[in-house]
Amino acid sequence: MKLYRLLHLMNILVNDDTQDLIIDVRNAISSKQLIRIEYISKVSSTARTIEPYKLIFKEREWYVYAYCL
């Protein structure tokens, strides 16, 4: 497993969808569930399955610490 730190989750714009996403990530952490995400780099985007273990809010943005499976 590869560990990805500070995987950018979303920006500060908080709406119902954002709140639902935060709740979903927190629930996945507490129940040790996997999440399927789209990882976007400077050159491409790929679908990935992650095992999140920490969610933080830092400098006006949300981040999730996760293992990439």
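Using amide H atoms built in the peptide plane, which far-off residues or other-chain residues are under 5 Å from A66 H to H?
Y4, L6, L7, Y53
Whole-Hz ³J(HN,Hα) for each residue in the stretch 59-68, computed from phi via Karplus 6.51 cos²θ - 1.76 cosθ + 1.60 with θ = phi - 60°, x for glycine and proline: what do you get?
So the Karplus estimates, Gly and Pro as x, are 6, 6, 9, 8, 9, 10, 8, 7, 8, 8 Hz.
Values in this text are rule-based calculations from the coordinates and carry no lab data. This is a predicted model, so every value here is computed, not measured.
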